[in-house]
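Okay, structure first, notes after.
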Amino acid sequence: MRMTWDAIVIGAGPAGAATALGLNGRGRRVLLLERHTFPRDKVCGGCVNASALRELDALGLAKNVAALHAPVLSRLVLHGGGAPAHVSIPAGIGVTRAAFDQMLVEAARERGVTLRTGQRAQRVGPGAVAVDGRIERADVVVAAGGLANAQPDITTRTAPRSRIGAQTFLEHAPAFCTPDAIDMVCGRHGYVGFAQTEDGRCDIAAALAPALVRQSGGIAHAVQQILVRAGLPPLTATRAWSATPALTKTPCQRHGDRLFLVGDAAGYVEPFTGEGIAWALAGARALAPIAARAWRPEAGAAWERAYKTTVGKRQRVCRALTHGLRVPHVTAAAVAVLRRAPRIAQPLVRAATLGSAR
Ligand SMILES: Cc1cc2nc3c(=O)[nH]c(=O)nc-3n(C[C@H](O)[C@H](O)[C@H](O)COP(=O)(O)OP(=O)(O)OC[C@H]3O[C@@H](n4cnc5c(N)ncnc54)[C@H](O)[C@@H]3O)c2cc1C
């Protein structure tokens, strides 16, 4: 059977675009498929942390990142009742996903990846993808479609108390926010993060217990409740909120016949440490050399091992942290301790933001 492509990548978010770049850099013919047209927004806090910046640097994209003129974020400010705690973090940047993801796909296209946007793709067999009324064939398929793009032959387990994600923008940051910082407001049933983006707006992203959203009458009310309980003023008018399905998911495996899963599609935990983009890029870096070789069944097991060491370990840190923060007195105690001794947070900050150091 004649194959037009060495690899077809489904989904042109950070995981898909970076995998396409990695495969293209190894001389592979890559078709990158995206259901939306760019620029497009995506539910996200828009914080590209230090670890993600290093991954982008390794992809040769430092200049493209600099051209975004995004604000530097070098502090985490934790609000949980009483005075906030300020913690230094390795410098990251705040972006809109519209600008950031467009930068990534443009780079992929300029380097020779074939990009088709506005086309929903569906895997229909080993190495076969239905798109735009025809079947495209490749040696391997990379599923990088994010949280919602489940593969029919791979069972995915959703954590029982999983929260949902939500996001919107404010034209200006609220007065309690700190310039050059990510402000996080923690409550028992969720948390809300604020960060400035390259266009001067403020990105607000939240992880919320579905029960809180139901009981308070919607996402906007749920967010106001978390702010007010933390002693902060409610928000003035925001644009409409966008939401995600349940956030914490694990597929039973991250490979199939001629198939690899990467990014959120390979498993995700709540975004408290703001690392999803770094995980997606680190996963793409680890997958590219495996997926670039001609398909052989052992490649699946090789990817499972590589995934555990590059991404799985870091997701465990994030999972433990978000569990701890569900207990109100743990949050209050953590904020109180960090207020007096912010250096205590440094090992955790390092684990979260420098985890992919090579
Ligand atoms: C509330 C919230 C806040 C967050 N905040 C941060 C943060 O501040 N910093 C951070 O690093 N991470 C954050 N994250 C996580 C981050 O957004 C994700 O981890 C990251 O976007 C994962 O990248 P991805 O490429 O795997 O998936 P995505 O970015 O979701 O990209 C998947 C792409 O695939 C496309 N697609 C899906 N199905 C198909 C199909 N069938 N055919 C074609 N295309 C398809 C989608 O349209 C999309 O463009 C946050 C997440 C949430 C929910």
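The values are calculated or read from the model by the stated rules, or taken from the named source; none is laboratory data. Everything numeric here is computed off the predicted structure, so don't read it as measured data. Here the Cβ is made from the backbone with ideal geometry for all residues, glycine too, and neighbour counts use every protein chain on show.
Considering 230, 220, the condition of being within 18 Å of residue 173 (Cα to Cα), in contact (Cβ under 8 Å) with a residue 40 or more places away in the chain and crowded, with 17+ Cβ neighbours inside 10 Å is satisfied by 230 alone. The residues of the stretch 1-40 that are more than 8 Å from the ligand (Cβ to nearest atom), assigned to a loop (DSSP other than H, G, I, E, B) and either touching a Gly at 6+ places or on another chain (Cβ under 8 Å) or modelled with pLDDT under 95 (or both), listed by number, are 1, 2, 3, 4, 37.
Among the numbered conditions (1) within 11 Å of the ligand (Cβ to nearest atom); (2) touching a residue at least 40 places away in the same chain (Cβ under 8 Å); (3) of a type outside the set (Asp, Glu); (4) part of a strand (DSSP E or B), the only one that residue 130 does not meet is (2).
The single condition from (1) closer than 17 Å to residue 185 by Cβ; (2) not in a strand (DSSP E or B) that residue 54 fails is (1). Candidates in the stretch 204-217 are the residues that are buried (at least 21 other Cβ atoms within 10 Å of the Cβ) and outside any helix (DSSP H, G or I); of these, the one that is farthest from the chain's Cα centre (by Cα) is 208. Close Cβ contacts (under 7 Å, 6 or more residues apart or on different chains) running from residues in the stretch 183-209 that are over 19 Å from residue 80 (Cα atoms) and touching a residue at least 40 places away in the same chain (Cβ under 8 Å) to residues that are among the aliphatic types (A, V, I, L, M) and within 10 Å of the ligand (Cβ to nearest atom) comprise 197/95; 198/95; 203/195. Look at (1) under 27 Å from residue 128 (Cβ atoms); (2) surrounded by 24 or more Cβ atoms within 10 Å (Cβ to Cβ); (3) within 14 Å of the ligand (Cβ to nearest atom); (4) over 11 Å from the mean Cα position of the chain (by Cα) and you find that residue 265 fails only one, number (4). Within the stretch 239-266, the set of residues being of a type in the set (Phe, Trp, Tyr) and in a loop (DSSP other than H, G, I, E, B) comprises 241 only.
Checking the stated criteria, residue 61 turns out to be closer than 17 Å to residue 12 by Cα and surrounded by fewer than 23 Cβ atoms within 10 Å (Cβ to Cβ).
Considering only the stretch 62-76, how many residues are of a type in the set (A, V, I, L, M), modelled with pLDDT of 95 or more and within 15 Å of the ligand (Cβ to nearest atom)?
Start the filter on the stretch 62-76 by keeping residues that are of a type in the set (A, V, I, L, M), which leaves 62, 65-68, 70, 72-73, 76.
If we keep only those that are modelled with pLDDT of 95 or more as well, we get 62, 65-68, 70, 72-73.
Then drop every residue that is not within 15 Å of the ligand (Cβ to nearest atom), which leaves 65, 68, 70, 72-73.
Count: 5.
Picking from residues in the stretch 277-315 that are within 15 Å of the ligand (Cβ to nearest atom) and of a type in the set (S, T, N, Q), the one that is surrounded by the most Cβ atoms within 10 Å (Cβ to Cβ) is 315.
Does residue 343 fit the bill of being more than 15 Å from the ligand (Cβ to nearest atom), at pLDDT 70 or above and among the basic types (Lys, Arg)?
So residue 343 fails the test.
Against the test of being acidic (Asp, Glu) and surrounded by 16 or more Cβ atoms within 10 Å (Cβ to Cβ), the options 132, 139 yield a single qualifying residue, 139.
Confirm whether residue 249 is touching a residue at least 12 places away in the same chain (Cβ under 8 Å), over 29 Å from residue 174 (Cβ atoms) and either over 17 Å from the mean Cα position of the chain (by Cα) or surrounded by 17 or more Cβ atoms within 10 Å (Cβ to Cβ) (or both). I'd like the intermediate steps shown before the answer.
Values: touching a residue at least 12 places away in the same chain (Cβ under 8 Å): yes; over 29 Å from residue 174 (Cβ atoms): yes; either over 17 Å from the mean Cα position of the chain (by Cα) or surrounded by 17 or more Cβ atoms within 10 Å (Cβ to Cβ) (or both): yes.
For residue 249, the condition - touching a residue at least 12 places away in the same chain (Cβ under 8 Å), over 29 Å from residue 174 (Cβ atoms) and either over 17 Å from the mean Cα position of the chain (by Cα) or surrounded by 17 or more Cβ atoms within 10 Å (Cβ to Cβ) (or both) - is met.
With more than 12 Å from the ligand (Cβ to nearest atom), within 19 Å of residue 44 (Cβ to Cβ) and surrounded by fewer than 21 Cβ atoms within 10 Å (Cβ to Cβ) as the only criterion, which of 106, 110 stands out? Let's see the steps before the verdict.
Values: 110 fails: within 19 Å of residue 44 (Cβ to Cβ).
On inspection, the qualifying residue turns out to be 106.
Within the stretch 92-127, being among the hydroxyl-bearing types (Ser, Thr, Tyr) and either assigned to a strand (DSSP E or B) or under 22 Å from residue 28 (Cα atoms) (or both) holds for 114, 117.
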